[in-house]
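Shown next, in structure tokens, is the structure this report addresses.
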Amino acid sequence: MKKLRFYDLFYIFIIASVFGWCLEGVGSIVIDHLLLNHSALVLGPINAIYGFGAIFLTLILYKRQTSPLWQIFLISFIACSFLEYFMSWGMELVVGFPAWDYSNFFLNINGRICLAYSLIWGLLGILWIKYIYPFVQKLIVKMNPKVGKVLLYILIVFLAFDTLLTTVSVMRAHALDKGIPPQNGFEAFLDKTFNRNYLKNMYGNNWE
């Protein structure tokens, strides 16, 4: 079996994050009749929970592609529930709130995970390793290696910048909520561009 490389995992993250952003966007239009930006970062269509979820599922399942379906389901159910819980907790530490809240769902734990979504993770594990992962791997293999490596470095720098900008934007928005005026041109730019309304469109009511 082919050994997983950072190159493969990185592009799995990018592909899954963009797909997740598209899926969530369509869902918000169909269900809520709203056009929402479900990105985790202020620049670009990056829904990181899908990206990290895809990497996690790949790492725990790529050697189990021929395992019985019930084993794949159980592993995905348990492992991804832990991942979702700690991602929610980690996001709350960094930006002050999680991007999702399952407090009103049946059998939830601290609003971070719930039975319904854990069951979905179990089913998604089967779909991922049996059908989606092989397809994504074929896309990555078809990419020109030289172009792929250059693009990888560019995207890493962009994501690092985007993460920093997102963190600063959230901090500045909280400061503005407390009535603290901008201290310089950059903060004034953030107040006009990545302000409360922009962030609420990304993170929904959890921003409150």
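Just so it is clear, none of the values below were taken in a lab; they were calculated from the coordinates. Quick caveat: nothing in here was measured; it's all calculated off a predicted structure. As a convention, Cβ positions derive from the backbone with ideal geometry for all residues, glycine included, and neighbour counts pool all protein chains shown.
Could you tally the net charge around residue 194, taking each other residue with its Cβ under 12 Å from the Cβ of residue 194, Lys/Arg +1 and Asp/Glu -1?
My count for the surroundings of residue 194 gives +1.
Would you please classify the overall shape of segment 11-87 from the alpha carbon gyration tensor, given that a ≥ b ≥ c denote the square roots of the eigenvalues, rounded means a/c under 1.5, and beyond that prolate means a/b larger than b/c while oblate covers the rest?
Prolate, since a/c reaches 1.5 and a/b exceeds b/c.
If R0 is 35 Å, what FRET efficiency do you get for residue 174 and residue 144 from their C-beta distance, rounded to 0.05?
Working from the Cβ atoms, E equals 0.20.
Can you find, among 33, 194, 124, the residue farthest towards the positive end of the dipole of the chain? Put +1 on the C-beta of Lys and Arg, -1 on that of Asp and Glu.
124
Using Cα-Cα distances under 8 Å and only pairs 6 or more residues apart, what relative contact order does segment 1-155 have, in percent?
It rounds to 22 percent for segment 1-155.
Take the alpha carbon gyration tensor of the chain, find the square roots of its eigenvalues, order them as a ≥ b ≥ c, and report rounded if a/c is under 1.5; if not, report prolate when a/b exceeds b/c, else oblate.
In terms of gyration-tensor shape, oblate.
Can you order the peptides 38-44, 195-201, 63-69 by their average number of other Cβ atoms within 10 Å per residue, highest first?
Top of the packing list down: 38-44, 195-201, 63-69.
Based only on other Cβ atoms within 10 Å, what is the fewest-to-most ordering of 81, 28, 169?
28, 81, 169
All other residues with a Cβ under 13 Å from the Cβ of residue 55 taken together, and with Lys, Arg as +1 and Asp, Glu as -1, what is their net charge?
0
Summing +1 for each Lys or Arg and -1 for each Asp or Glu, what net charge is found among the other residues whose Cβ lies under 14 Å from the Cβ of residue 171?
Net local charge, residue 171 excluded: 0.
How much FRET efficiency would the formula 1/(1 + (r/R0)^6) give for residue 186 and residue 110, where r is the Cβ-Cβ distance and R0 is 45 Å, rounded to 0.05?
The value I calculate is 0.80.
For the pair residue 197/residue 23, report the inter-label distance in nm, with labels modelled 7 Å from Cα in the Cβ direction.
3.1
Quick one: order 100, 89 by neighbouring beta-carbon count within 10 Å, fewest to most.
Ordered by Cβ neighbours within 10 Å, fewest first: 89, 100.
For the chain, with only Lys/Arg (+1) and Asp/Glu (-1) charged at the beta-carbon, what is the dipole magnitude about the Cα centre, in debye rounded to 20?
1020
What does the C-alpha gyration tensor say about the overall shape of segment 62-157? Classify as rounded when a/c is under 1.5, otherwise prolate if a/b is larger than b/c, or oblate.
It is oblate, given that a/c is not under 1.5 and a/b is not larger than b/c.
Calculated from DSSP H runs of 4 or more alone, at -39500 (n - 2.57) each and per residue, what is the 222 nm mean residue ellipticity of the chain, nearest 500?
-22000 deg cm²/dmol
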